[in-house]
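In what follows, a single structure is set out as structure tokens and then discussed.
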Amino acid sequence: MDRLKQMESFALVAAKGSLTAAAQAEGVAAAVIGRRLDALEARLGVKLLVRTTRRLSLTPEGTAFLETCQRLLAELAEAEASVSAGGLQARGHLRITAPAGFGRRHVAPLVPAFLAEHAELSLSLNLSDRVVDIVQEGFDCAVRVGDLPDSSLVSTRLADNRRLCVAAPAYLQRAGVPRHPSELARHACLVLSSDASQTRGWAFRIDGEVTHLRPSGRLDCTDGQVLHAWCREGLGLAWRSAWEVEADLTAGHLLSVLDDFAAPPNGIYAVFPRSRHLPLRVRLWVEHLRAHYARPAYWRG
């Protein structure tokens, strides 16, 4: 019996929840689906499904095997699609995640054009400031900003992430322009209080070494977008990424200070689970991001 057909039937039964529903979807008798599942379990030597008269459930071995089946079937569909019409085409569902602030500004706006280019794809976007476990939670790709921790994930750098110390002109007229990072102690600094970000403080290159300072002020917030708004209102200095403030710098709403002490940039990355073959839908998504992020004019808004 065809191994591929057995795997397809197994994945279909798991998705539909019953042999009858799977058989109706495929247009065959339920007994045919049952024989395929029996042959698959016999060949593997494990029980994949627990079938009763009232319900069907996956065994632990079935759950693990289902993930492999779904991946292999998706890769096969993509391989066929890539040559069937003489060009690269992707089908299926793409699940991506990104930090909330960056995702709103620089991921979500790029989705419509991507889907317009790939009509056979659907997409789910998760925006969260927590570090999402993309393997355990079933995401195809994550966009991450900053220094990456060591992990078993694969990453590709999409762009540099420069970090700047910025303030509104009104604040600098009132409080003066700091000439050295050590002068931050006498300034109102708008600090991100999230445990997940900037845990080492604001980074500057001082005497050839990257130094992290922990300035303080009357205002702090767990949301970087709020700090950005407060900074524009002239409430103090903020240490923000260029992707967030570039348009304001161009328009003159904010000015950068301490540029001579700017730390080297970290990165904006696409991160995905380690796999022998990266799915076509993920490759196309990453290239879509890279094409936009590579243009300097894009960051100027």
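Looking at the stretch 257-275, can you tell me whether even one residue there is acidic (D, E) and over 23 Å from G92 (Cβ atoms)? For the stretch 257-275, residues acidic (D, E) and over 23 Å from G92 (Cβ atoms): present. Considering only residues in the stretch 131-176 that are of a type in the set (V, I, T) and closer than 24 Å to R300 by Cα, the one that is farthest from the chain's Cα centre (by Cα) turns out to be V166. For R205, the conditions (1) at pLDDT 90 or above; (2) under 24 Å from A170 (Cα atoms); (3) touching a strand residue (DSSP E or B) at 6+ places or on another chain (Cβ under 9 Å) all hold with the exception of (2). Residue count for the stretch 1-29 under the criterion of being among the small types (G, A, S), part of a helix (DSSP H, G or I) and surrounded by 14 or more Cβ atoms within 10 Å (Cβ to Cβ): the result is 6.
Taken over the stretch 95-117, the criterion of being touching a strand residue (DSSP E or B) at 6+ places or on another chain (Cβ under 9 Å) and farther than 14 Å from A270 by Cα is satisfied by A100, G101, R104, A108, V111, F114, L115. Residue count for the stretch 245-286, restricted to those that are surrounded by 14 or more Cβ atoms within 10 Å (Cβ to Cβ) and either over 25 Å from the mean Cα position of the chain (by Cα) or assigned to a helix (DSSP H, G or I) (or both): 20. Filtering the stretch 104-136 to residues that are touching a helix residue (DSSP H, G or I) at 6+ places or on another chain (Cβ under 9 Å), over 24 Å from G224 (Cβ atoms) and not polar (S, T, N, Q) leaves A113, F114, E117, H118, E120, L121, L123. Of the numbered criteria (1) in contact with a helix residue (DSSP H, G or I) (Cβ under 7 Å, 6 or more places away or on another chain); (2) under 29 Å from S256 (Cα atoms), the one S182 fails is (1). Only one of the listed residues (R130, R205, R174) is surrounded by fewer than 21 Cβ atoms within 10 Å (Cβ to Cβ), among the basic types (K, R) and in a helix (DSSP H, G or I). That residue is R174.
Checked against (1) closer than 27 Å to L110 by Cβ; (2) modelled with pLDDT of 90 or more; (3) out of contact with any Phe, Trp or Tyr (no Cβ under 8 Å at 6 or more places or on another chain); (4) not acidic (D, E), A238 passes all but a single condition, namely (3).
Of all residues in the stretch 54-65, at least one satisfies being of a type in the set (A, V, I, L, M, F, W, C), assigned to a helix (DSSP H, G or I) and closer than 27 Å to Q136 by Cα.
The values are calculated or read from the model by the stated rules, or taken from the named source; none is laboratory data. Fair warning: this is a prediction, and the values are worked out from it, not measured in the lab. Positions of Cβ are backbone-derived with ideal geometry, glycine not excepted, and every protein chain shown enters the neighbour counts.
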